[in-house]
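**Q** Quick one: this structure, given as structure tokens, is what I'll be asking you about.
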Amino acid sequence: MTAGTTVQAPDGTEVVLGEIGTRVLLENSRVRVWEVSLAPGEAQGWHLHHNPYVVLCLATSPCHMDWLDGSPARQLSETVGGSVYRPVSPVHMLTNDGDSPYLNRLIELLDLGEEASGEPYTNAAMGEGSFASIGEVPAKVVIDDPDVQVLHVTPEPGESYTWIAGEHPTLIADLDLNTPDVTYLQPGESYDLPAKTTQTNGFNLVELRYYS
């Protein structure tokens, strides 16, 4: 992490970098999961990513991203349940331009960045992850990349599905703002998606495909 590092803007101004998120929710040798929370009109501090990362949207609002090097700002319009996968990028900051809170989960893939632990992978060849249920599961792929796959699952009220991680570890993010939990599964572990009494925004399941 580079918070506290001083960098220089093109005009010579010195800028002290901040954290890439509001707080850390989960961390191990493979991933670090941040919460990024911005109130209407609030701006995140200048920061820098040293590891590729996945963004999962829990609450959306129009935002824009500024770049310290003076590149044109990027307008962002995310969808709850959606996800993006980004490589490392230059120093930037995010501002919430809307009237609603913005909230996401940012998953740093430490193995693919500068903070790789070098720990060997110990997973056995157990095949692909899958749901341990018969019949159709209300899931769609929102990212399909050699490094990561992200599924968005939207159970009906009262329904529960069990995910069994295969050879790839899986992070499960509950998008329900009342219970916004994040769970990390090792290969072979299983997790029951909690049944909800009312319809929620569902869950994002992030498989670390690069792990194999």
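The values are calculated or read from the model by the stated rules, or taken from the named source; none is laboratory data. Everything numeric in this text was worked out from a predicted model, so none of it was measured. Quick reminder, even Gly has a Cβ in these numbers, built from the backbone with ideal geometry, and neighbours come from all protein chains shown. Note: areas computed on protein heavy atoms with side chains; ligands, DNA, RNA excluded. Shrake-Rupley method; radii C 1.70, N 1.55, O 1.52, S 1.80 Å.
**Q** Would you work out the relative contact order for the range 45-193, in percent, from Cα pairs under 8 angstrom that are 6 or more residues apart?
**A** With pairs under 8 Å counted, the relative contact order is 21 percent.
**Q** What residue among Gln75, Gln44, Gln149 shows peak mean-square fluctuation when the chain is described by a Gaussian network model with Cα springs under 10 Å?
**A** Gln75
**Q** Further, regarding this structure: Counting only protein heavy atoms, what percent of the accessible surface of the range 38-88 is carbon or sulfur at a 1.4 Å probe?
**A** Solvent-exposed carbon and sulfur of the range 38-88 make up 59 percent of the total.
**Q** If you don't mind, there's one more thing I want to ask. Tell me the carbon and sulfur percent of the accessible area for the range 93-154, rounded to whole percent, probe radius 1.4 Å.
**A** Heavy-atom surface of the range 93-154 belonging to carbon and sulfur, 1.4 Å probe: 50 percent.
**Q** In Å², and per residue, what accessible area does the range 142-212 have when probed at 1.4 Å with the other protein chains present?
**A** So the range 142-212 comes to 40 Å² accessible per residue, rounded to a whole number.
**Q** Another question about this same structure. If you take every residue apart from Gly135 with its C-beta less than 15 Å away from the C-beta of Gly135, what net charge results, scoring Lys and Arg +1 and Asp and Glu -1?
**A** -3
**Q** Same structure, new question: How large is the accessible surface per residue of the range 56-130, computed with a 1.4 Å probe and reported in Å² as a whole number?
**A** Computed with neighbouring chains in place, this is 49 Å² per residue.
**Q** Another question, if that's okay. Around Leu175, what is the net charge, scoring Lys/Arg as +1 and Asp/Glu as -1 over all other residues with Cβ under 12 Å from its Cβ?
**A** My count for the surroundings of Leu175 gives -1.
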